[in-house]
């Protein structure tokens, strides 16, 4: 029998429906794979008992021909999603013993459709980071290595565990969240597909909040088609989240393989940053050629506000984080450090419970929202955000269907290599991804090639609001041309 | 704009995060690096631009003002670090 963990989600789904193997056999294969890969530190909690119980239920449903869209498919869940009765920490010490009594809407949708929970995946603490190094459980080690090197590389972040787990074959798909690039950047670093849907497409209810006007849930998987299948289940209206839209969810899988003839693809000149690596430029050019060969037209466009997106993000996101994270006070849940009075208890709890990067961002957010600085920082950043969105709206009004750009300025870097002295060095990782969050637009990262050292690189497509279908169609063309990439197994 | 050590201590107090004396100086440097980075927003002409309040144009959803949940005090309190019956316990707040 073939190695079940090497199948794509669509292949596994079809084989389960044909009863070529059982959900129990599939889940056992993944449980074993996760056990063998603990050196990667991708899972912060494995839930094999629950997985086996869910697989048994799936097998019973499949036997009756009543399987749901994801029946029996084993998934990893970013530890930012609340899972009822299963510890959920946001990879922060402040939530290290938190067991939610409720289920996030997105994971509830996945279980409704028959998916199986394999465990909770590592991420940067409260999703604040681009390398998965800020997790209180320690960094995730990428399954990828540079050719001829044993140096440990980062998987990207903040959804680093999700990207690494899919790339290493530890789950058939995974969930992530993307606030400034936290799905697309790790997807690019790990050679897998990652989708950040339009803001409002997926409910945020039950997902630990970082920056509420930017956060959005999305899938990771081996292929564009697999992500389409996952997103269809994850998305949809939710009365518990007033920012979640009341729009019907299309059958995204239908868009995979659809013609892209006549589509107009914008190539934003402002993304051609000074000092950009030649291989990133070549990858970008190759991607444009692939889309042209499939009948699309590429057009140079201008998004003049691009360079201001990252600085504006580093005001808006910390400001919202400082407000969202005010709830961690040692009273209702999470860690408590006793103090002589209530203020000392708050201060001691938050100093001990939050890691360095989280403390830094909460303080920046507090500062930019404080009396006398609100207009100069927060209000100005929100005005710049309006202008960033206008840039895209103008292009879309002129007939552009999607924007093509590299996902990241470089391939993955070594653990401990970046951001030690200067936090900005790490923040610059998100320079190409953050605009989509600021404008609320959908984005997809598709593996598109390897760099000279054998590490994966991704191309990103950003689309019109609620037009994820176009991204799936375009992404499939790139995937078809580029092929798929898997790391050589060393663990 | 840049912050001095007193401002770092003030912001930490507002954020309810205890900061040790030897943490103030490194924090001051890091916060100033971030503030210097965001300074470039000053170049943008935002005259007459509305600040963004909602990234997707949508009307606030309305719902019936009905009680749909409740009676789950045990669940609400289940993660409390310290509780007494159906109450959260905190240090004395009022003298």
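The values are calculated or read from the model by the stated rules, or taken from the named source; none is laboratory data. Since the structure is predicted, the reported quantities are computational estimates derived from the model, not experimental observations. For neighbour counting, all protein chains shown are included, and Cβ atoms are generated from backbone atoms with ideal geometry for every residue, glycine included.
Before moving on, here are some points about what is shown:
- Out of B:59, B:73, one residue alone is at pLDDT 95 or above, loosely packed, with under 15 Cβ neighbours inside 10 Å and more than 7 Å from chain A (Cβ to nearest Cβ). It is B:73.
- Condition check for residue A:413 on (1) over 20 Å from residue A:176 (Cβ atoms); (2) modelled with pLDDT of 95 or more; (3) surrounded by fewer than 24 Cβ atoms within 10 Å (Cβ to Cβ): one failure, at (1).
- Looking only at the stretch A:323-358, and only at residues there that are buried (at least 22 other Cβ atoms within 10 Å of the Cβ) and closer than 25 Å to residue A:422 by Cα, the one that is nearest to the other protein chains (Cβ to nearest Cβ): A:350
- Matching residues, the stretch B:1-22, being within 9 Å of chain A (Cβ to nearest Cβ) and over 23 Å from residue A:316 (Cα atoms): B:18, B:19, B:20
- All positions within the stretch A:361-381 that are more than 7 Å from chain B (Cβ to nearest Cβ), modelled with pLDDT under 95 and under 19 Å from residue B:5 (Cα atoms): A:371, A:372, A:373
- Members of the stretch A:90-137 found to be free of Cβ contacts under 8 Å to residues at least 60 places away in the same chain, part of a loop (DSSP other than H, G, I, E, B) and touching a strand residue (DSSP E or B) at 6+ places or on another chain (Cβ under 8 Å), listed by number: A:91, A:99, A:123
- In the stretch A:150-159, residue farthest from residue A:47 (Cα to Cα) [restricted to those that are in contact with a strand residue (DSSP E or B) (Cβ under 9 Å, 6 or more places away or on another chain) and in a loop (DSSP other than H, G, I, E, B)]: A:151
- Condition check for residue A:174: in contact (Cβ under 8 Å) with a residue 40 or more places away in the chain, under 18 Å from residue A:319 (Cα atoms) and more than 14 Å from chain B (Cβ to nearest Cβ): no
- Test: residue in the stretch A:312-322 that is within 7 Å of chain B (Cβ to nearest Cβ) and at positive phi: no
- Residue in the stretch A:45-55 that is modelled with pLDDT of 95 or more, outside any helix (DSSP H, G or I), over 24 Å from residue A:168 (Cβ atoms) and out of contact with any strand residue (DSSP E or B) (no Cβ under 8 Å at 6 or more places or on another chain) present: no
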